[in-house]
Amino acid sequence: MKPVVTIIVPVYNAQKTVRRCLESILAQDFKQFELLVIDDGSWDDSPAICDEFAEKDSRVHVIHKENSGVSQTRNIGLSMARGQYIQFLDSDDWITPEATRTLLSAAQQTSADLVVADFYRVVGERVSTKGSITKEKLMFRDEFAGEMLRSPADFYYGVIWNKLYRRKIIEKYQIRMDPNLNWCEDFIFNLEYLLHVQTVYCVQTPIYYYVKTEGSLVDETMKSGGVMRQKLKVLEYYNRFYKNIYSGTSYALRAPVIYSFLLNFAHDDTVRRIMPGTKKLGSERTVLMHDADVDAWTVNYYERVLIRREGESIRLQYHLTHRAMLVIAYLYAFGPSCVREEFAWYVGVSQRALSQTLRMMSGKKLVIQMREPEEKELEEGEEWTVENAAETKAEDTWMPGEAAEPILQDWNRMLTDLDAMMTEGFTESEKTEYLALRKKSFEGIKKRLSL
């Protein structure tokens, strides 16, 4: 079967990290990829480690070659690629299990020519989330180029490993890494690629763990005497790119910002223990830590953990509080007629706190109140009993507002992906039977809870 995505990993003396990198790729929940691991003349144990992975998985293809640098190494991968899309990794780094699926889903659903994602910046045992676009959206090339001008040397724009590319664009215009550059060669590749795209989609989900290695090629280049020469060559590409995007007065107005690139070579902020949002590595995501017997409690727990983790990217994307996200999830599941007591229980707050949250969300057009709640009053002489308790619960009529529409679309997409994930490997008849049994189990749970 032809791969949908080609993942390219150049390797050079990476025996300490390459195993973690390759394991993270093979652990992807999206399976239709080929992995091209290109050993650039390593003299440590990297070649043997790479061959070990190729022997275990037919999707892994290892190429051994004489040392020629990372640009030519990546170019070999591009020439060998068969997938519709191209994804890059560095052997020092690793990716989340949903990384390829997240990038590919965005590309397929929006038809974007380039997808860009947030990433994790790792320093020692500390990690923080990095990104530059503040809202997940589809942009035309000119708009994305304008965003890039705000921070022209940001890693978010310059690197290739947080992006997904269409191979047909790369091949049509023969876009390759410049082997004469050993600094910002990936940034130049991005600029050349952007000249031929129409749309870019930015995903506010971190999918990549970037580890800056001291003594790396970039560090050595910055210390060498060729720094300014390298910068001037990069600026030439950068300047040419914006002359293609803007013309005349539009370019002249932006020229000072464009030339500021000389003063701001590629950087990303260092993670410090005291910076807001910095966490201990391993605490940024909920992961399955133990094997366990399959029982109702454990299955329910891990399903909730999975939904919470997948839903967290949506919450962060739209800058919602946990409480607001739960309100939207409740309205998605149960519709406009809400039993206030159950609504509050679902969100995990008191009814008074729920009312405050709904008023706040109403002001942001996330929810709309259709009518005030009504409570059935007990008739004279009628006593409060368990039997009539359900009839006396107040009902609100709340609906998702205009601002919630894109959130609900992403929520629905997430649940569809989760259903596909949980039935992966099922035959069609097994899927049908599973869904029927799940519905039957749900009916049994509802019956029990209504007693």
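For the reader, a short list of remarks on this structure follows.
- Packing order of peptides 168-179, 424-435, highest average first: 168-179, 424-435 (average count of other Cβ atoms within 10 Å over each peptide's residues).
- Shape box of the stretch 158-206 [Cα atoms, principal axes, largest first, Å]: 33, 25, 14
- Inter-part distance where the stretch 334-358 and the stretch 122-143 are each reduced to a Cα centre, Å: 33 Å
- Taking a ≥ b ≥ c as the square roots of the eigenvalues of the Cα gyration tensor, an a/c ratio of 1.5 or more together with a/b no larger than b/c marks the stretch 407-451 as oblate.
- For the pair residue 239 and residue 368, a Förster radius of 41 Å applied to the C-beta separation gives a FRET efficiency near 0.25, rounded to the nearest 0.05.
- Between the beta carbons of residue 445 and residue 198, assuming R0 = 56 Å, the FRET efficiency works out to 0.70 to the nearest 0.05.
- Members of 16/212; 31/130; 130/212; 137/168; 31/137; 137/163 lying beyond 18 Å, as alpha-carbon distances in this model show: 31/130; 137/168; 31/137
- Amide H contacts for residue 209 (H built 1.01 Å from N in the peptide plane; partners 5 or more residues away or on another chain; cut-off under 5 Å): 94, 95, 96, 120.
- With neighbour counts taken as other beta-carbon atoms within 10 Å, the residues 39, 29 rank, fewest first, as 29, 39.
- In this rough spin-label picture, where each label sits 7 Å from Cα along the Cβ direction, the residue 322-residue 82 distance is 4.7 nm.
- Each of 118, 92 was scored by other Cβ atoms within 10 Å of its Cβ. Listed from fewest to most, they are 92, 118.
- Placed amide H near residue 367: partners under 5 Å, 5+ positions off or other chain: 362, 401
- R0 of 25 Å, Cβ-Cβ distance residue 29-residue 135: FRET efficiency to nearest 0.05: 0.45
- Straightening the chain between residue 333 and residue 312 buys 5.8 nm, computed as 0.36 nm per residue apart minus the Cα-Cα spacing.
- Under 14 Å, Cβ to Cβ, from residue 56 - net charge with Lys/Arg +1 and Asp/Glu -1: -3
- Neighbour counts of C-beta atoms inside 10 Å place 196, 319 in the sequence 319, 196, starting with the fewest.
- Whether the stretch 58-133 is rounded, prolate or oblate, judged on the alpha carbon gyration tensor where a/c under 1.5 counts as rounded: oblate
- Distance from the C-alpha centroid of the stretch 161-176 to that of the stretch 1-48: 19 Å, rounded to the whole angstrom.
Laboratory data are not the source of any read-out in this text; all were calculated from the coordinates shown. Not measured: the values here are computed from a predicted model. Positions of Cβ are generated from backbone atoms using ideal geometry, with glycine treated the same way; all protein chains shown enter the neighbour counts.
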